[in-house]
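One structure below.
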Amino acid sequence: MILTKNELLKNLNEEQKEAVCYFKGPLLVLAGAGSGKTRVITYKIAYATKYLGYNPERILAITFTNKAANELKERIKNLLGKEAPIWASTFHSFCLKILRRHIDKLGYSRYFEIYDESDSKKLIEKVISELNLDKDKYPSSLLKNLFSKIKNESLAYEELEDNIKEAFNLYNKLLKEKNALDFDDLLLKTIELFEKEKNILNFYKNYFEYVLVDEYQDTNPTQYKLIKYLCLEKGNICAVGDDYQAIYSFRGADINIILNFEKDFKDAKVIKLTKNYRSTKTILEAANYVILNNKKNYQKKLEAIKEEGEKIRLFKAPNSEIEVKFLVKAIKKLSQDKKIPLNDIAILYRSNFLSREIEEALIKENIPYTIVGGLRFYERKEIKDILAYLKFPFFPKNEDTIERVFKYPSKGLGKAAILKFLHTYEQKEKFLKDTKEAFLETLKELSTKNGFKILYSIYKRYLEEFENKSFKDLINFVLEESKYLEYLQKEYPNNYEDRYENILELINALEEFSKKHNFNTKKETFLEFLANISLENDKEKENNGISLMTVHAAKGLEFKVVFLVALEDGIFPSKKSLEEGNLEEERRLFYVGITRAKDLLFLSYSQNRMYFGKLQRQVPSRFLSEIPKNLIFEVKLQNKAKESENNKKHQNVCNIKNSLSNFKKGDLVLHKKFGVGKILNVFGDNLKIYFVKLKEVKEIKKDFVKKI
């Protein structure tokens, strides 16, 4: 259905209408969470093309994902009743179109190749080889990360050491020789083209009648430079974003870009979208109070369109196990009593390692779940790698295990070495009944090669100490001897901390499992642990379950019910942000977490949490104290063990006639019939006594017991 002008504007509130109709100069739309940001962008384009005479082919709409670009086109089509041929694309897709037309001006063929991550790493490996660089000191993944930061201007070229500069220059030289660009080059070469060929820049500046940029708070310096080239002179720009939701500085985004919009673009107008259609008044009020503690932002207060709603639930757990039990119990109640679909419930956490306990509890209770934007705990690479190291002597024929141990980190052992190991082991196994002995003898025989020598040294000690060491000590030993953490730090510099935390959580999982199960040997415990993992991973992965994800992954999503868990200083805000003084971004992240909830929000934290196999006292997140107490209802969970104990206590309480006068409350007593008991109260000549089982009082000394 084609809408008239009045019908089109009738669907907007006053703030949205003002943003849609304003075309007098640069415009910054500060779109608060749940305020109809996408609606404003689509209606603005529809309004401009249908009622203001703008040519849709000369409107550029920059989004941050291809999915968002396609959705934008579809919504505009629904509004106009026909296709609108606007340039809706990501920064990279936009630049690709430009370069396909003009890159020959930079000495490339227009049929250039685009290198993906894998292609780039292979080329960097060639650079390392040609320059004879130390592969351990300069792994390809580390150099790729550094090169990307240089190209996106989040790292200064001048500050690099000479070896890295030389590698960077050779990498770019080889790319050009191969008529190839990497992903970062798409933006850089477009900027280079505009700077070198002013006539091309002028053409596109004049060609685009209007430019819209979505998620403006997430732009990095390179993207920002591109926007300024296109729009600074004419001021034909509408930037849409929310400084309160700027949470991607680790990807190179700079919040100052949105905060400085009025300085960059002369006579810019700022319109704030503050009416929230997503969350209840209570949830929104909590979010407002939290974010106002940040100093570096545009001040705005979101107003809820929905009613007040229920209070925010806060659960203070004595430990993480009880916290997870509370989550499961609450989810069951919401699903059964309130009939809330599981796919409308989300559990959000600051770091990926926190998913492990939650996943195990959900699996145990047969509650389906989906990990959004990540892998299930035991499917993560670092977990698979460390488990491979631990189980290698017990499963020496598993090729995936062998490959992981040989490759991560590299020991110079390739496919030929794997085949040689398997062949030698099979020969040893025929003559040696003890598989452990066969395993060690195989490594010993092959230890003329340095990689096998390292492994023999590791596993000789590992197997000697396996039964006597804790899992924590065993993993520590493997990490140190294999130099696995050094490998992780070089290969994954952007999320090393996250991966390391996952390994610490694996230690917690193994330690907890060994405490709960009483097997005869450490080997039996470990093998049973592996079997449990296999059974868990083999369960059907349904897509209609609860969503588990980090708060970063939740941006742009919404759910009826949100559980925001592990709200402790050192976790949320993270330890790194506390050390670096980056609390404002952590607070924005907390704000994003709160505003994902539509109807009901649960907050929880643990007073004690296992770290590296050790129970540590936790401090509640400082962000919790920023929420007014009148918005919070503290939930109490009756511990079943305590409840059971109370019932037993009630059953074992007896009233005894007291013929003596020297008994008082708290005394331990011994009765011929009932055994040992504790006086709960004295009522004249009567004693109220709680009698306990003999095994509960093994350590009570006879001297402290009075006979009755």
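The values are calculated or read from the model by the stated rules, or taken from the named source; none is laboratory data. Fair warning: this is a prediction, and the values are worked out from it, not measured in the lab. Please note: Cβ atoms are built from the backbone with ideal geometry, for glycine as well, and neighbour counts cover all protein chains shown. We work out accessible area using only protein heavy atoms, side chains counted, and drop any ligands, DNA or RNA first. Shrake-Rupley method; radii C 1.70, N 1.55, O 1.52, S 1.80 Å.
Among the residues making up segment 224-256, those that are under 25 Å from the mean Cα position of the chain (by Cα) and in a helix (DSSP H, G or I) are D243, Y244, Q245, S249, F250, R251, N256. For Y207, the conditions (1) surrounded by 15 or more Cβ atoms within 10 Å (Cβ to Cβ); (2) touching a Lys or Arg at 6+ places or on another chain (Cβ under 8 Å) all hold with the exception of (1).
Looking across segment 275-325, the residues that are assigned to a strand (DSSP E or B) and in contact with a Leu (Cβ under 9 Å, 6 or more places away or on another chain) come down to K275, N276, E303, A304, I312, R313, L314, F315, A317. Here N70, N132 are screened, and the one residue that is open to solvent by 90 Å² or more (accessible area, probe 1.4 Å), free of Cβ contacts under 8 Å to residues at least 40 places away in the same chain and under 35 Å from the mean Cα position of the chain (by Cα) is N70. Residues in segment 575-595 that are open to solvent by 60 Å² or more (accessible area, probe 1.4 Å) and small (G, A, S): G581 alone.
Once segment 256-293 is narrowed to residues that are aromatic (F, W, Y) and more than 24 Å from N220 (Cβ to Cβ), the residue that is surrounded by the most Cβ atoms within 10 Å (Cβ to Cβ) is Y289. Taken over segment 619-637, the criterion of being within 21 Å of N294 (Cα to Cα) and among the charged types (D, E, K, R) is satisfied by R622, E626, K629. When segment 3-26 is examined, which residues are found to be open to solvent by less than 40 Å² (accessible area, probe 1.4 Å) and within 18 Å of K275 (Cβ to Cβ)? L9, L12, N13, E15, Q16, A19, V20, listed by residue number.
Test K316 against the stated conditions and say whether it is open to solvent by 10 Å² or more (accessible area, probe 1.4 Å) and within 23 Å of the chain's Cα centre (by Cα). Yes. Taken across segment 112-127, residues that are open to solvent by less than 30 Å² (accessible area, probe 1.4 Å), modelled with pLDDT of 90 or more and closer than 29 Å to I255 by Cβ do not occur at all. Screening segment 213-255 for residues that are over 21 Å from I191 (Cα atoms) and surrounded by fewer than 19 Cβ atoms within 10 Å (Cβ to Cβ) and picking the one that is modelled with the highest pLDDT gives S249. K436 satisfies every condition listed in (1) within 28 Å of I358 (Cα to Cα); (2) at pLDDT below 90; (3) charged (D, E, K, R) except (1). Scanning segment 174-185 for residues that are under 14 Å from F147 (Cα atoms), touching a strand residue (DSSP E or B) at 6+ places or on another chain (Cβ under 8 Å) and either in a helix (DSSP H, G or I) or open to solvent by 20 Å² or more (accessible area, probe 1.4 Å) (or both) yields a total of 2.
Right, D569: under 24 Å from F250 (Cα atoms), surrounded by 16 or more Cβ atoms within 10 Å (Cβ to Cβ) and touching a helix residue (DSSP H, G or I) at 6+ places or on another chain (Cβ under 9 Å) or not? Spelling it out, D569 is indeed under 24 Å from F250 (Cα atoms), surrounded by 16 or more Cβ atoms within 10 Å (Cβ to Cβ) and touching a helix residue (DSSP H, G or I) at 6+ places or on another chain (Cβ under 9 Å).
For segment 257-274, residues that are in a helix (DSSP H, G or I) and at positive phi total 0. When A61 is tested against (1) exposed (fewer than 15 other Cβ atoms within 10 Å of the Cβ); (2) within 25 Å of K263 (Cβ to Cβ), exactly one condition is not met: (1). Of the helices (runs of 4 or more DSSP H) lying entirely inside segment 500-608, those containing at least 2 residues that are touching a residue at least 40 places away in the same chain (Cβ under 8 Å) span 522-538, 551-554, 583-594.
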